[in-house]
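What follows is a set of notes on a single structure, which appears directly below.
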Amino acid sequence: METNSGLLRHMLKKLIWHISIGIAVWLLVRWLSPMGSVYAGWAAGLMGACYLLVGWLNWLKRRGTDLGAIIRRRRPPNVPYYLRGSDSAIHPRLGINRIRHTFDDDLDETVEHASQMLTVQESLLVKAVAFMVTGVLLLVLSAF
């Protein structure tokens, strides 16, 4: 029961955020363009189609088909460890009087609490549903 309420809360948060962005853009285009309702309808329709596409891609990624991996660049192959020079070893940073400085790279404190409760699959589901609902609502808004 706890995870369902966390999923729903996270989904509503994303949904409200993206719908408010879409409506703000729609109102801005309607206000700034000479033929307000025509261009605003086109903008809302385009945003709705883009949100549906992103929602569909997140749904596919959740099911195991990552189409974004095709576009991403692969890392170039590294030099084997036995061919690397000894100068490339990582040394701790030394300050005045040879005081060692240690750095805390742990970003656990900055992660949102709601995203810690969700798994990757649940997060992709939340994104997919929120983007698809936003896309449908923006397509409906494009008629006005």
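The values are calculated or read from the model by the stated rules, or taken from the named source; none is laboratory data. All figures in this text were calculated on a predicted structure; none of them were measured in a lab. Cβ: placed from backbone, ideal geometry, glycine included. Neighbour counts: every protein chain shown. Each accessible area value is taken on the protein alone, full model and side chains, heavy atoms only, with ligands, DNA and RNA left out. Shrake-Rupley method; radii C 1.70, N 1.55, O 1.52, S 1.80 Å.
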Self-check item: Residues of the range 77-94 satisfying the condition of being open to solvent by 100 Å² or more (accessible area, probe 1.4 Å) and at pLDDT 75 or above
Solution: Pro77, Asn78
Exercise. Just one of (1) closer than 12 Å to Leu138 by Cβ; (2) open to solvent by less than 90 Å² (accessible area, probe 1.4 Å) trips up Leu46, so point out which.
Key: (2)
Quiz prompt | In the range 34-43, residue modelled with the lowest pLDDT [restricted to those that are open to solvent by 90 Å² or more (accessible area, probe 1.4 Å) and either part of a helix (DSSP H, G or I) or under 19 Å from Ala130 (Cβ atoms) (or both)] | solution = Tyr39
Exercise. Kindly establish whether Arg9 is farther than 20 Å from Gly135 by Cβ and without any contact (Cβ under 8 Å) to a residue 12 or more places away in the chain.
Key: no
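For the range 51-71, give me the residue count where each residue is exposed (fewer than 14 other Cβ atoms within 10 Å of the Cβ) and within 21 Å of Ser123 (Cα to Cα).
8
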Quiz item: Only one residue in Trp31, Trp17 is modelled with pLDDT of 85 or more, farther than 23 Å from Glu122 by Cα, among the aromatic types (Phe, Trp, Tyr) and part of a helix (DSSP H, G or I). Which one?
Solution: Trp31
Self-check item: Residues that are within 14 Å of Val140 (Cβ to Cβ) and open to solvent by less than 60 Å² (accessible area, probe 1.4 Å), drawn from the range 10-33
Solution: Ile19, Gly22, Trp26
